[in-house]
Each structure stands twice: as C-alpha cells, then as structure tokens.
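Chemist: Dumping the structure here so I can ask a few things about it.
The values are calculated or read from the model by the stated rules, or taken from the named source; none is laboratory data. The structure displayed is predicted, hence computed values, not measured ones. Because the Cβ atoms are built from the backbone with ideal geometry, glycine has one as well, and the counts that use them run over all protein chains shown.
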Amino acid sequence: MAAGSPSLASLQEEPAVLPIRTVLYPTDFSDAARSAFDLACALARDYRATLIVAHVIAPGHVFAPNGAVVPFPTEEPGEACDQLARMHPTSPGLHAYYRLLKGDPAEQILKLATDVKADMVVMATHGTSGLTRLLVGSVAESVMRKAECPVLTMRIPTQPVPT
C-alpha cells in the first residue's frame, strides 16, 4: 500500500454516505407513483434534504425510439396543477417545492434534475413491456440511463390474475 493511502481497516470503519441535499420526485399521479412519493419524503426527511415534486405534461404525441409518432392523451394544465397542489409531504416539517413542466417527460425530468442539482431522483416505474414499451419506451428507464445522479425506481407488484 502506498504511503499516505488509507488502510483497509480505516475504510471499513467509516461508512460511505451519499450526500443527499436535493431529492427530485417526478410523478404521473398514478398509484405506483404515490408509493414512490412516500419513499421520496422519507429520504428527504432523513437527509434533511429539499424535496422537489414535479409533473410533466406530455405533448399530444410522442416519438417512439424508431421515430414513429404515437398519439398520446393530453391533460389539462389546470388539473395537473391542482393535483400537484394536493400532494403534501408525508413527513411533518418537510417542505416541498413544486414544478409543472411541459414536453417530453424523460427529457424534462433530466433537465430539471440538472437545473436543481438533484442528488437523487426517486420515481415509480410501471413495468411496461411488449408493444407499449417498444412504441413509447419507458420514462424511468430513460431517466436511469441518462441521469447524472443516482435514480431510485420503485415498482409496485401487480396482483396476480386468479385462475
């Protein structure tokens, strides 16, 4: 071991802690996203971090990875703003900041994460597969692949279909 290098014993004694000062929580207001919100609130509380809650209003269409235009339902900005305003942190004393954005969800989430210097993104994943994933892609997957900070995804298991 080189002179001045930390010994293996000293590295084992001090736990490595990821500094988390800003937690970004993007939501689509789904049930799966609500569970991820509880986790984002707990992390922000435990690290005494700032919580930023964001929703992205997607355009009336999205471009699939193969370049095809896929129709996408639009939502009313006023309704989305109301839903954001009703999202109160689950931890007492935790204050949240809210952002309503327009555009491609993955691109806007990544841009916001960079702009606010997020230390972590906490988001839900719906576990889409097959044709839907091929045509539309996965916002969570795109964010995980391109984000400059750690991304914690949470998937709510679906109930098995009775046979």
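Chemist: Which count do you get for residues in segment 52-62 that are at pLDDT below 70 and either within 17 Å of the chain's Cα centre (by Cα) or surrounded by 14 or more Cβ atoms within 10 Å (Cβ to Cβ) (or both)?
Modeler: Within segment 52-62, residues that are at pLDDT below 70 and either within 17 Å of the chain's Cα centre (by Cα) or surrounded by 14 or more Cβ atoms within 10 Å (Cβ to Cβ) (or both) number 1.
Chemist: Looking at the structure I just gave you, is A113 at pLDDT 90 or above, under 13 Å from Y25 (Cβ atoms) and either out of contact with any helix residue (DSSP H, G or I) (no Cβ under 7 Å at 6 or more places or on another chain) or among the charged types (D, E, K, R) (or both)?
Modeler: Against the criterion (at pLDDT 90 or above, under 13 Å from Y25 (Cβ atoms) and either out of contact with any helix residue (DSSP H, G or I) (no Cβ under 7 Å at 6 or more places or on another chain) or among the charged types (D, E, K, R) (or both)), A113 qualifies.
Yes/no matrix, rows are residues, columns are (1) in a loop (DSSP other than H, G, I, E, B); (2) touching a Pro at 6+ places or on another chain (Cβ under 6 Å); (3) at pLDDT 55 or above:
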residue	(1), (2), (3)
A124	no, no, yes
T128	yes, no, yes
L134	no, no, no
E141	no, no, yes
M144	no, no, yes
E148	yes, no, yes
L152	no, no, yes
T158	yes, no, yes
V161	yes, no, no
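Chemist: If I go through segment 75-106 residue by residue, how many of them are farther than 12 Å from V56 by Cβ and not in a strand (DSSP E or B)?
Modeler: So the count comes out to 17.
Chemist: Could you count how many residues in segment 40-55 are part of a helix (DSSP H, G or I) and of a type outside the set (S, T, Y)?
Modeler: Counting residues in segment 40-55 that are part of a helix (DSSP H, G or I) and of a type outside the set (S, T, Y) gives 7.
Chemist: Within segment 82-110, can you find the residues that are over 18 Å from A44 (Cα atoms), free of Cβ contacts under 8 Å to residues at least 40 places away in the same chain and surrounded by fewer than 14 Cβ atoms within 10 Å (Cβ to Cβ)?
Modeler: D82, A85, R86
Chemist: Identify, please: which residue in segment 1-45 is over 24 Å from M120 (Cα atoms) and of a type outside the set (A, V, I, L, M) and is, among those, modelled with the highest pLDDT?
Modeler: Going through the qualifying residues, I end up with E13.
Chemist: If you don't mind, there's one more thing I want to ask. Among what's in segment 72-121 and is among the hydroxyl-bearing types (S, T, Y) and over 15 Å from the mean Cα position of the chain (by Cα), pick the residue that is farthest from M154 (Cα to Cα).
Modeler: So, considering only residues that are among the hydroxyl-bearing types (S, T, Y) and over 15 Å from the mean Cα position of the chain (by Cα), the one farthest from M154 (Cα to Cα) is T74.
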